[in-house]
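Just passing along the structure, written as structure tokens.
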Amino acid sequence: MSAAGPLRVALVAGPMYDHLYDQLPDVFASGAVEVVVRADHPTLNRRVAEMLAAGERIDVLATHSKYAPSQAAWLRPLDDLLDPAVVGGLAPGAVGLCRVGGVLRCAPRLIDVRVLWSRADRLPTPPDTWAELLASDAVLGFTGRESGAFGMFFELVAGAGGRLFDDELRPTFVSDAAIEAVVTMQRLAARAPGELPGWHYDDVDRALLEGEVDMAAAWPGGWGAIRDSALADVLVPSAYPAGPVRRVSYSGCHAWAVPTTCGDVVGAVELVERLLGAQAQSIDASGGSMCANTAALAAVEPQGAIDGQRLAITRATIAEAMITYPSLARFPAIEDAAWSAIQQALRGIIDARSAVRVMQVAAAHVLA
């Protein structure tokens with residue numbers, strides 16, 4: 001413990017993150033840190049924004065590469081704080097995602113891309129494309145709100161060769177690709193449980209593992225629950241469905257940051273470097289997550305044939321299919337407006353064309 005007292009940390013919570021905190025008791029249960037926030041990411045972002053705007057001390061912050069641009073004014077540059085050897089041990093692509101305007105505002109913990117999990121007893125051959133999925137009667141579970149809903153929309157648009165922003169970062173939501181993306185989500189939701197428009201990631205995972213849906217995409221950290229579930233013998237991994245132009249998976253990095261309100265920079269940097277080191281990153285990887293530490297990830301041994309397939313598919317997706325949002329400081333506001341419009345379309349309140357127009361108007365207003 002430093003002279004400044006315990007480090008005040010804000011953590012993202014959830015099954016794929018919590019096991020790290022549980023397995024580092026000398027850090028998280030020793031009095032060395034004080035956990036001031038521990039919540040799902042949307043809740044974490046809202047609470048942290050309030051705290052940082054008020055100048056409240058946070059020493060280490062769990063963030064995400066897609067949210068870092070909106071938090072950049074509160075995040076210390078890490079290029080001159082972190083040991084270059086520590087940063088050099090992380091996946092270069094992940095480090096790149098964590099730069100805002102060329103400045104490293106956070107350091108990558110986990111690389112997120114999704115794998116499709118299907119029930120082999122219901123679907124002997126999982127669909128390889130969105131068109132094949134639509135032509136079948138298979139039930140796909142997916143998130144109907146927040147970042148998951150907007151992320152799926154983004155994947156469908158990009159997979160069809162469309163764009164949400166032009167080269168000048170002006171919104172271009174109104175397109176045939178965007179309208180068709182919403183229609184696709186509506187058609188898939190219509191054959192799923194009626195509660196789907198309200199589902200978040202944990203609800204999708206539960207629906208898959210309780211047999212309510214035939215397939216669902218899962219983040220790498222969901223592997224532990226799949227492996228240990230009653231359906232482990234029938235769930236098989238495959239690549240995320242391809243669009244008519246390309247196969248994509250919206251991606252990003254959970255990351256660690258040091259806010260400008262930090263009261264112990266030396267202690268915060270020491271903690272971040274430890275959390276990026278081989279021991280902590282191996283704990284993350286043991287739960288199925290794709291940790292950013294390349295040595296820790298390379299040391300992961302597949303736990304059987306299915307896990308070997310999962311790792312191979314995930315690594316190929318990282319190498320070939322990652323897409324991410326442009327670096328926009330007001331991105332969270334755009335995402336909130338967009339997923340709300342998508343959810344209204346899934347509930348049948350508005351049609352696909354109207355949803356896309358709402359997104360365009362909202363994005364233009366936010367960026368004006």
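The values are calculated or read from the model by the stated rules, or taken from the named source; none is laboratory data. Computed from a predicted structure; not experimentally measured. Note: ideal-geometry Cβ built from the backbone for every residue, glycine included; neighbour counts use all protein chains shown. For accessibility, only protein heavy atoms count, side chains too; no ligands or nucleic acids. Shrake-Rupley method; radii C 1.70, N 1.55, O 1.52, S 1.80 Å.
Using the Cα centre of the stretch 196-336 as the reference point, and only Cβ charges (+1 on K/R, -1 on D/E), how large is the resulting charge dipole? Debye, rounded to the nearest 20.
So the dipole magnitude of the stretch 196-336 works out to roughly 500 debye.
Continuing with the same structure: Modelled label-to-label distance, Glu50 and Thr294, 7 Å Cα→beta-carbon offset: nm?
Using points 7 Å along Cα→Cβ, the separation is 4.2 nm.
Right, next: Got a sec? What order do Ser30, Ser147 fall in by accessible area at 1.4 Å, biggest, i.e. largest, first?
Ranking Ser30, Ser147 by accessible area, largest first, yields Ser30, Ser147.
Plugging the Kirkwood radius over Cα pairs into Stokes-Einstein for the stretch 98-200, at a temperature of 37 °C and a viscosity of 0.692 mPa s, what D comes out in µm²/s?
Values: Rh = 15.9 Å.
My calculation gives 207 µm²/s for D.
Now for a separate question. What ranking of Val356, Val183 comes out by heavy-atom accessible area, probe 1.4 Å, highest first?
From most exposed to least exposed: Val183, Val356.
What does the charge count around Val95 come to, taking other residues whose C-beta lies under 12 Å from its C-beta (Lys +1, Arg +1, Asp -1, Glu -1)?
Numbers: positive: Arg99, Arg105, Arg109; negative: Asp79.
Neighbourhood net charge equals +2.
At a Förster distance of 35 Å, what's the computed FRET efficiency of Glu320 paired with Arg227, Cβ-Cβ distance as r, to 0.05?
0.90
May I pose another question? Two decimals, Cα atoms only, Kirkwood Rh: what is Rg/Rh over the stretch 18-97?
On the way: Rg = 14.2 Å, Rh = 14.7 Å.
Expressed as Rg/Rh, it is 0.97.
Put a dot 7 Å past each Cα toward the Cβ at Ser136 and Val174; how far apart are the dots in nm?
That separation, rounded to one decimal, is 3.7 nm.
A follow-up question, please. Taking just the alpha-carbon atoms of the stretch 205-262, what radius of gyration and Dmax come out, in angstrom?
Calculated on Cα positions, Rg and Dmax stand at 16.1, 49 Å.
Could you compute the net charge surrounding Gly55? Neighbours are other residues with a C-beta less than 15 Å from the C-beta of Gly55; K and R count +1, D and E count -1.
My count for the surroundings of Gly55 gives +1.
How much length is gained if the chain between Arg191 and Ala368 is pulled fully straight, taking 0.36 nm per residue apart and subtracting their Cα-Cα distance, in nm to one decimal?
59.9 nm
A further question follows. Amide H neighbours of Tyr240 under 5 Å, counting only residues 5+ apart in sequence or on other chains, H built in-plane at 1.01 Å?
Result for Tyr240 returns Leu116.
Let me make sure I get this right: for the stretch 305-346, a, b and c are the square roots of the gyration tensor eigenvalues over alpha carbons, sorted descending. Under 1.5 in a/c it's rounded, otherwise prolate if a/b > b/c, else oblate. Which is it?
Since a/c reaches 1.5 but b/c is at least a/b, the shape of the stretch 305-346 is classed as oblate.
Equivalent ellipsoid semi-axes for the chain, as square roots of 5 times the alpha carbon gyration tensor eigenvalues: give them largest first, rounded to whole Å.
Sorted largest first and rounded, they come to 33, 25, 18 Å.
Ok, one more. Are there any helices in the chain, counted as whole DSSP H runs, that stretch 30 Å or more along their axis by Cα and score at least -1.0 on average by Kyte-Doolittle, and if so which?
Span-like helices, by this rule, are absent here.
Residues of the stretch 52-73 with backbone nitrogen within less than 19 Å of a virtual label 7 Å along the Cα-to-Cβ line of His200, please, listed as ranges.
Residues passing the 19 Å test: 62-68.
Continuing with the same structure: In percent, how large is the relative contact order of the chain, given Cα pairs closer than 8 Å and 6 or more residues apart? Each step should come with its number before you reach the end.
Details: 672 pairs, mean separation 100.7, N = 368.
Answer for the chain is 27 percent.
Could you give me the ³J(HN,Hα) list for the stretch 233-238, computed from phi with Karplus coefficients 6.51, -1.76, 1.60 and θ = phi - 60°, whole Hz, x at Gly and Pro?
6, 10, 8, 10, x, 8
Express the relative contact order of the stretch 243-359 as a whole percentage, based on alpha carbon pairs under 8 Å and six or more residues apart in sequence.
In percent, rounded to a whole number, it is 23.
Using DSSP, restrict attention to beta bridges with both residues in the chain and report what percent are antiparallel, rounded to the nearest 5.
Expressed as a percentage, antiparallel bridges in the chain total about 65.
Quick check: convex hull over the Cα atoms of the stretch 225-294, volume per residue in Å³, rounded to an integer?
158
Please work out the C-alpha center-to-center distance from the stretch 1-73 to the stretch 233-254 and express it in whole Å.
Between the Cα centre of the stretch 1-73 and that of the stretch 233-254, the gap is 29 Å.
Determine, from the Cβ-Cβ distance of Asp128 and Glu210 and an R0 of 22 Å, the FRET efficiency 1/(1 + (r/R0)^6), rounded to the nearest 0.05.
So, using R0 = 22 Å, E works out to roughly 0.30.
Using a/c under 1.5 as the rounded threshold, could you call the stretch 248-368 rounded, prolate or oblate? The axes a ≥ b ≥ c are square roots of the C-alpha gyration tensor eigenvalues, and prolate needs a/b larger than b/c, oblate otherwise.
It is oblate, given that a/c is not under 1.5 and a/b is not larger than b/c.
To one decimal place, what Kirkwood hydrodynamic radius in Å is obtained for the stretch 130-277 from all pairs of distinct Cα atoms?
After inverting the pairwise mean of 1/r, the radius is 17.7 Å.
Once the convex hull of the alpha carbons of the stretch 143-185 is built, what does its volume come to per residue, in cubic angstrom?
Value for the stretch 143-185: 68 Å³ per residue.
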